Amino acid sequence: MSRSWERKVQKNQKQINVRRKKMGQSPIQFGQGASDPSDTYKGRSLLLPALLVLFAILYVILYIGSQMNQMFWFTIACYLVLAGLLFLRRPYLTVGKDFLRTRRFGGDRTVYQDNIKSITAQKGYVIVGQNKGGNWVFSKLINRYPTEAMTERLRTFAAVHRIPFEEK
């Protein structure tokens, strides 16, 4: 099937699933399962939430003697809520049949195999280079990704789609 046809099917499936959800029925899943294997690798964002919590604590320590009004405590609460949201919203990489999908700040992003320039694997890092847009960097240090398992799956993905794969 062509990719444009698959996108039309997915768009129509999404509309039907919204209607079925409103009627209390279970969603349909066309093309899922054995014919469309996808692997998802989840990480955990620790560095940015910890930095936000430390920033909130530093902010409280610096302003402990001055006037602490409601807006001050609202600001501190916003930093802590943002840190909690970033901690609970786990980053991921999904490797599908002909696409890679991940979560960015603006939402979920998908790149298809014909838009991938190269894949580079280093110790603790996986970098997906794109023809358009910036590179996707998956780090074990920053987001606690299982980079070893991701490297093996991306190696087979690159071999199937003839994408240059470099291991450093």
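Nothing in this text is a laboratory measurement; each read-out follows from the coordinates by a stated rule. Not measured: the values here are computed from a predicted model. All Cβ positions, glycine included, derive from the backbone under ideal geometry; neighbour counts span all protein chains shown.
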Largest fluctuation, 42, 21, 117 only, Gaussian network model of the chain with Cα springs under 10 angstrom, belongs to 21
Tell me, what is the FRET efficiency for residue 12 and residue 162 to the nearest 0.05, using R0 = 45 angstrom and their Cβ-Cβ distance as r?
0.90
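Before rounding to the nearest 500, sum -39500 (n - 2.57) across all DSSP H runs of length at least 4 in the chain and divide by the residue total; then give [θ] at 222 nm in deg cm²/dmol. Write out the running numbers ahead of the final one.
Values: 5 runs with 74 residues, N = 168.
So the helix-based figure for the chain works out to -14500 deg cm²/dmol.
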For the stretch 16-103, whose charge dipole is built from +1 on Lys and Arg Cβ atoms and -1 on Asp and Glu Cβ atoms, the candidate among 81, 16, 66 with its Cα farthest towards the positive end is 16
So how strong a dipole does the stretch 3-100 carry about its Cα centre when Lys and Arg Cβ are +1 and Asp and Glu Cβ are -1, to the nearest 20 debye?
620
For mean projected area of the Cα convex hull in nm², the choices are (1) 8.6; (2) 13.8; (3) 12.5; which was calculated from the structure?
(2)
In a Gaussian network model over the chain where Cα atoms closer than 10 Å are linked, find which of 98, 108, 39 has the largest mean-square fluctuation.
108
Estimated dipole of the stretch 51-168 in Debye, rounded to 20 [Cβ of Lys and Arg +1, of Asp and Glu -1, Cα centre]:
200
Long-range amide H contacts for residue 145: which residues qualify at under 5 Å (H placed 1.01 Å from N, peptide plane, sequence gap of 5 or more or a different chain)?
44, 139, 140
With label points set 7 Å from each Cα along the Cα-to-Cβ direction at residue 60 and residue 130, the distance between them in nm comes to 3.9
Within the set 62, 154, 93, GNM on the chain using Cα springs under 10 Å gives the largest fluctuation to 62
